[in-house]
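Undergrad: Attaching a single structure in structure tokens format; questions to follow.
The values are calculated or read from the model by the stated rules, or taken from the named source; none is laboratory data. Model, not experiment: these values are computed from the prediction. Heads up, the Cβs are rebuilt from the backbone with ideal geometry, glycines too, and the neighbour counts pull from every protein chain shown. Protein only, heavy atoms only, side chains kept; ligands, DNA and RNA dropped before computing areas. Shrake-Rupley method; radii C 1.70, N 1.55, O 1.52, S 1.80 Å.
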Amino acid sequence: MKNQELIDYLESCGVCRVCQLRYLKARGNEYRDMQQTFKRLDVKVPDSTIVVDEITDEQPLKKQRLSICSICLGLFSEDLQRQVIQGILDSDFAKYDSDGIVLAISMPMTLQLRQLSMWFALQRKFGRSSVADHNAPDVPIKEAVKLILHPIVCAKLGREYDANGLMINIELRHSSEEDVVAKLSELNRAAFPAKNHRRVEISRGLLEKQYQPSRIKGDLFEQYLPIPPPAVMDPLQLQSIELLGPIVCVAGRYRKLSRELSHTPWVLHGQRIMEDSIEEIIVRHVAAYFTETPEKITFMSSGREDVDVRCLGKGRPFVLEIPNARRSSMTRQQALAMEQAVDCTGKVSIHNLQVVPREELTHIKTGEEQKRKYYRALCVLQEPVTLDILQKLQISDSFDIQQKTPIRVLHRRPLHTRPRTIFSVEARVQRENRRLLIIDVVSQAGTYIKELVHGEFGRTTPSISSIIGKPIDIVALDVVGIDLDWPADVNNTEIEVT
Ligand SMILES: [Zn+2]
């Protein structure tokens, strides 16, 4: 099969220049200067019919009715590009500041069937030795969209291609779709009889999988749909455009200043136990700037504390994963305003607020078990602290404990005995009340500190209680440090130099 023969045949079937190039397996830039590509491939095409895909606003709409390509139904035509770009500009596009965009085009099934029909036609014309059963003879439409439509739309909108950018979902329709799908359903029953009378859903996925010459005979196909694909009266039309903003991640560190605040909304039997939570406070003050759907935000942190435990020191790293974000950046002033708004609640304080790349979320998600946590516990004895007790609680060498899942969390965690490492213990007495001890503990993440102190009837061994040989209880607990140097320190109060 010579290139010229192929192109002459496609031309006679009403196939556009772009699609002709797809059947010549053109790649990348070869679609830019099509005439040049044809020349290089030694194919002669009449100059006048070359459709230029560059859109120029000055160019008046051509009066002459261009015939519609029987394969792509005008997908690569100037007219459709114009519709798509206008559709995007008429949407909420301007509200998104994303530098990158990606097009997701949903096409009617008619296109897939026309591609298959042409596949059969080429096999008949040139023989199966030239046109194989398994490998499609053309560059797939989806790939061609990426090579041709993407660059044009990006250039027109002044944005770059970015698979993680603003997703523009474009739905196209064609007037023949309903009839064709009805025919396809009949064909499908004949070609792939369903087992157990199961109804088979006709989908694009099904077409991709089952509809190729290796799985279906051309003669059977032709009983329902014509080979080669016939001419059409009207082209593809734009059905709808929907925008989906990128996922933006905002990280920072929080300090929990209240002993009556849960980490996330605390609801029991449909009733709220606490009226607010760290998650809700932070989301409330950060989300509005980035998205109109704050309920879709995911809040993550490097561990968490109990309701009655404060988190002080540098605070605990957290991140908000914000889908469908309209903004992908913020200034330091804006970050500072959010930090101050959260601080005003008096319950939580945040700092180091910043937009981070999504890849960095691994810092928060992994290695949790290996991290060290720094605690300060206020503990009470039944009698005044002795020198002997104080000496026993100056431990600078690490030691291991065995800890059974505490009774208080058994309703939501399985019963295990887990080894945990305690890196150091350091105690001092409270001057005003000699029954009170302040104990600093450095432990492996995941250690239950309250149980480490009182031992919970021997369920944690050794414990502070077993080490001193006396009952001891915990009055209050603070987290004072978490060894995760992420996110980076930023000082949002500094004036930004731009
Ligand atoms: Zn075409």
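One line per residue, one yes/no per condition, for (1) closer than 28 Å to residue 321 by Cα; (2) within 24 Å of the chain's Cα centre (by Cα):
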residue	(1), (2)
117	no, no
124	no, no
131	no, no
134	no, no
140	no, no
145	no, yes
151	no, yes
156	no, no
164	yes, yes
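Undergrad: Let me ask something additional. Being farther than 19 Å from residue 433 by Cα, β-branched (Val, Ile, Thr) and outside the structural domain of residue 354 (by TED's automatic domain parsing) narrows it down to one of 474, 467, so name that one.
TA: 467
Undergrad: Residue 105 - would you say it is in a strand (DSSP E or B), out of contact with any Pro (no Cβ under 6 Å at 6 or more places or on another chain) and surrounded by fewer than 22 Cβ atoms within 10 Å (Cβ to Cβ)?
TA: For residue 105, the condition - in a strand (DSSP E or B), out of contact with any Pro (no Cβ under 6 Å at 6 or more places or on another chain) and surrounded by fewer than 22 Cβ atoms within 10 Å (Cβ to Cβ) - is met.
Undergrad: Tell me which of these residue 260 doesn't satisfy, since it passes every other one: (1) within 20 Å of residue 306 (Cα to Cα); (2) without any contact (Cβ under 8 Å) to a residue 12 or more places away in the chain; (3) acidic (Asp, Glu).
TA: (2)
Undergrad: I'm checking my understanding of the structure. Among residues of the stretch 63-105 that are touching a strand residue (DSSP E or B) at 6+ places or on another chain (Cβ under 7 Å), small (Gly, Ala, Ser) and more than 14 Å from residue 150 (Cα to Cα), which one is nearest to the ligand (Cβ to nearest atom)?
TA: 87
Undergrad: Picking from 310, 316, which residue would you name as being open to solvent by 10 Å² or more (accessible area, probe 1.4 Å) and in contact (Cβ under 8 Å) with a residue 60 or more places away in the chain?
TA: Among 310, 316, only 310 is open to solvent by 10 Å² or more (accessible area, probe 1.4 Å) and in contact (Cβ under 8 Å) with a residue 60 or more places away in the chain.
Undergrad: Of the residues that make up the stretch 224-238, is at least one open to solvent by 80 Å² or more (accessible area, probe 1.4 Å) and either at pLDDT 95 or above or outside any loop (DSSP other than H, G, I, E, B) (or both)?
TA: Within the stretch 224-238, none of the residues are open to solvent by 80 Å² or more (accessible area, probe 1.4 Å) and either at pLDDT 95 or above or outside any loop (DSSP other than H, G, I, E, B) (or both).
Undergrad: Here is a list: 339, 295, 360. Which entry is touching a Gly at 6+ places or on another chain (Cβ under 8 Å), in a helix (DSSP H, G or I) and of a type outside the set (A, V, I, L, M, F, W, C)?
TA: So the residue among 339, 295, 360 that is touching a Gly at 6+ places or on another chain (Cβ under 8 Å), in a helix (DSSP H, G or I) and of a type outside the set (A, V, I, L, M, F, W, C) is 339.
Undergrad: Can I ask one more? Quick check on my filter: what residues within the stretch 166-207 are at pLDDT below 95, under 34 Å from the mean Cα position of the chain (by Cα), over 23 Å from residue 235 (Cα atoms) and open to solvent by 50 Å² or more (accessible area, probe 1.4 Å)?
TA: If the condition is that a residue be at pLDDT below 95, under 34 Å from the mean Cα position of the chain (by Cα), over 23 Å from residue 235 (Cα atoms) and open to solvent by 50 Å² or more (accessible area, probe 1.4 Å), then 199, 200, 201 are the ones that fit.
Undergrad: Another question about this same structure. How many residues are more than 13 Å from the ligand (Cβ to nearest atom) and either assigned by TED's automatic domain parsing to the domain that holds residue 135 or of a type outside the set (Phe, Trp, Tyr) (or both) when one looks only at the stretch 8-21?
TA: Looking only at that region, the number is 2.
Undergrad: So, in the stretch 390-418, of the ones that are open to solvent by 70 Å² or more (accessible area, probe 1.4 Å), part of a helix (DSSP H, G or I) and farther than 20 Å from residue 438 by Cβ, which residue ends up modelled with the lowest pLDDT?
TA: Ranking the qualifying residues of the stretch 390-418, first place goes to 408.
Undergrad: Considering only the stretch 22-50, state which residues are touching a residue at least 40 places away in the same chain (Cβ under 8 Å), in a helix (DSSP H, G or I) and within 16 Å of the ligand (Cβ to nearest atom).
TA: Once the filter is applied, which keeps residues that are touching a residue at least 40 places away in the same chain (Cβ under 8 Å), in a helix (DSSP H, G or I) and within 16 Å of the ligand (Cβ to nearest atom), the stretch 22-50 yields 22, 23, 31.
Undergrad: Which of (1) at pLDDT 95 or above; (2) of a type in the set (Val, Ile, Thr); (3) part of a loop (DSSP other than H, G, I, E, B) is the odd one out, the single condition residue 474 does not satisfy?
TA: (3)
Undergrad: Then there is this: Check off (1) touching a Cys at 6+ places or on another chain (Cβ under 6 Å); (2) open to solvent by 30 Å² or more (accessible area, probe 1.4 Å) for residue 343 and give me the number that stays unchecked.
TA: Single failed check for residue 343: (1).
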